[in-house]
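> Before I ask anything, let me first share the structure, which is written out below as structure tokens.
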Amino acid sequence: MKVVFNIRRGLPLLFWGALLFAPVGWADENPYVRTNCWATEVRSQIDTTPAVDEQDNVFFGTFDGKMWSLDAVGHRRWCFQARNEIRSSPAIADDGTVYFGSRDRKLYAIGADGTKKWEFLTGAWVDSSPAIGRDGTVYFGSWDTNFYALNPDGTLKWRFPTAGEVVSSPAISQAGRIHFGSHDQKFYALNPDGSKAWEFATGGPVISSPAVDQEGALYFTSVDGWFYALNPDGGLRWKLATGGMTEASPVIAADGTLYVGVTTNLWAITHEGRKLWQRRLNDLLNSSPLVLANGTIVFDGRWTQVACIAPDRTLAWYAGGDTTLAASPAVNSAGNIIIPFNFNFVGAIDVRVPLARSDWPKFRGNPRNTGRAPAP
């Protein structure tokens, strides 16, 4: 096994700097190989998508129940210990509060300095990543089959019951409606007061998280093997058979193209529901892709590969190595791609291309992971 040392931090790095292999079938494309600009050892599995604040501080959770905060060059700022693993990606409020769920059945609010502000106990695991409304309300689901809305002080605002576990992370439209899926094979839209606006039945559990565009249209997948597009009133706009059963969630490019992982392929889908193309990674795509300002798409496989392709499917660059990827990538204001690697490390790839200015260019919609559509 080849070990690459990070010069800035002096830490052993078991991935990307001098790649161990190229994606199968891509070696003849002579791609540019990207190297890391920093890496930080955390010594635990990482299943969460990092959140990045306005100062490029990075926040992410780990299997051993820690919520980490690193600065823009990967130095540890603080580390908060929960009582069980964290699979809920953090969301950062306007005041710097960090919200996340844990498998200790709680939703946590952590101050910008790393101290606990409050915790809220549910009846089961909280894997759903929280969304933050414009008024500061925090929305999330739980394996106890309930969907919750909490006030910024941690008190219960309302609770909405479903007939199945809720692991889907909510998306908030410009109109303020909250959207999420459930294991009960339904997709829900709730009003800000907790009343049901509508529900849409699918043929299987909805475990992916929706993307929402400026018009209020919703896009999500179900394990029934279909990709769905719904109108703001809950009517079916179109559906596209994928045959895939992964939990990957879609993103939206600046031109309206939708990108989503389907088993081992990245699919490009038009706004009208027509499949444009697919690109194979030879790896499972459980995470969401990331759309950059130059139109390129970054996506990672479950086992060792990170790739970036142009809209014409040509390979821009790749990175990979002897470790396991488990979450969607993020990007900071400098255009560094923040990659959580499943064992031991979080690092940044020096790309220098910022996030696309689109309706929903990444998992949770924006760098702070608020799960909220941008203002008009």
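> Can you list residue pairs whose Cβ atoms sit under 6 Å apart, with the first residue in region 224-247 being closer than 13 Å to GLY261 by Cα and the second being of a type in the set (Phe, Trp, Tyr) and surrounded by fewer than 16 Cβ atoms within 10 Å (Cβ to Cβ)? Count only pairs 6 or more apart in sequence or on different chains.
Close Cβ pairs (under 6 Å, with a partner that is of a type in the set (Phe, Trp, Tyr) and surrounded by fewer than 16 Cβ atoms within 10 Å (Cβ to Cβ)) do not exist here.
> With the requirement that a residue be touching a strand residue (DSSP E or B) at 6+ places or on another chain (Cβ under 8 Å), open to solvent by 10 Å² or more (accessible area, probe 1.4 Å) and small (Gly, Ala, Ser), what does region 180-208 give you?
GLY194, ALA197, ALA201, GLY203
> On to the next question. Does at least one position in region 307-323 carry a residue that is open to solvent by less than 10 Å² (accessible area, probe 1.4 Å) and at pLDDT 95 or above?
Within region 307-323, not a single residue is open to solvent by less than 10 Å² (accessible area, probe 1.4 Å) and at pLDDT 95 or above.
> Are there any pairs with C-beta distances below 6 angstrom linking a residue in region 89-104 that is hydroxyl-bearing (Ser, Thr, Tyr) to a residue that is crowded, with 18+ Cβ neighbours inside 10 Å and assigned to a strand (DSSP E or B), with the two at least 6 apart or on different chains, and if so which?
Listed pairs, sorted by first residue: THR97/ALA109; TYR99/ALA91; TYR99/ALA109; TYR99/VAL138.
> On to the next question. Could you tell me whether region 241-256 includes any residue that is open to solvent by 10 Å² or more (accessible area, probe 1.4 Å), at pLDDT 90 or above and touching a His at 6+ places or on another chain (Cβ under 7 Å)?
yes
> What number of residues within region 218-228 are of a type in the set (A, V, I, L, M) and in contact with a Gly (Cβ under 6 Å, 6 or more places away or on another chain)?
Summing the residues that are of a type in the set (A, V, I, L, M) and in contact with a Gly (Cβ under 6 Å, 6 or more places away or on another chain) in region 218-228 gives 1.
> Go over the candidates ALA124, ALA171, ALA163, ALA131 one by one and state the one that is closer than 23 Å to ASP233 by Cα, of a type outside the set (Val, Ile, Thr) and surrounded by fewer than 16 Cβ atoms within 10 Å (Cβ to Cβ).
ALA163
> May I pose another question? Out of the residues in region 211-266 meeting the condition of being charged (D, E, K, R) and part of a loop (DSSP other than H, G, I, E, B), tell me which one is farthest from the chain's Cα centre (by Cα).
Within region 211-266, the match that is farthest from the chain's Cα centre (by Cα) is ASP233.
> Further question: Mind checking which pairs have a first residue in region 187-203 that is within 14 Å of ALA217 (Cβ to Cβ) and a second that is in a loop (DSSP other than H, G, I, E, B), Cβ under 8 Å, 6 or more apart or different chains?
PHE187/THR202; PHE187/VAL206; PHE187/PRO210; ALA189/ARG177; ALA189/GLY234; TRP198/ASP233; TRP198/GLY234; PHE200/GLY234
> Something else now. Can you tell me which residue in region 39-86 is most open to solvent (accessible area, probe 1.4 Å), limited to those that are of a type in the set (D, E, K, R), outside any loop (DSSP other than H, G, I, E, B) and touching a Ser or Thr at 6+ places or on another chain (Cβ under 9 Å)?
Among them, the one singled out is ARG76.
> Please verify whether ARG177 is open to solvent by 60 Å² or more (accessible area, probe 1.4 Å), closer than 16 Å to GLY371 by Cβ, in contact (Cβ under 8 Å) with a residue 12 or more places away in the chain and among the basic types (Lys, Arg), treating the condition exactly as stated.
Yes: the conditions hold for ARG177.
> Kindly provide the set of residues from region 148-162 that are on the phi < 0 side of the Ramachandran plot, of a type outside the set (Lys, Arg) and in contact with a strand residue (DSSP E or B) (Cβ under 8 Å, 6 or more places away or on another chain), ordered by number.
TYR148, ALA149, LEU150, ASN151, PRO152, ASP153, LEU156, TRP158, PHE160, PRO161, THR162
> So, one more: Within region 269-281, which residues are open to solvent by less than 60 Å² (accessible area, probe 1.4 Å) and in a loop (DSSP other than H, G, I, E, B)?
THR270, HIS271, GLY273, LEU281
> Then there is this: Restricting to region 282-295, give me the number of residues that are among the hydroxyl-bearing types (Ser, Thr, Tyr) and either in contact with a Leu (Cβ under 9 Å, 6 or more places away or on another chain) or surrounded by fewer than 20 Cβ atoms within 10 Å (Cβ to Cβ) (or both).
The number of residues fulfilling the criteria is 1.
The values are calculated or read from the model by the stated rules, or taken from the named source; none is laboratory data. These numbers come from a predicted model, not from an experiment. Neighbour counts are summed over all protein chains in view; Cβ atoms, including those assigned to glycine, are modelled from backbone coordinates with ideal geometry. Surface areas here come from the heavy atoms of the whole protein model, side chains and all, with no ligands, DNA or RNA. Shrake-Rupley method; radii C 1.70, N 1.55, O 1.52, S 1.80 Å.
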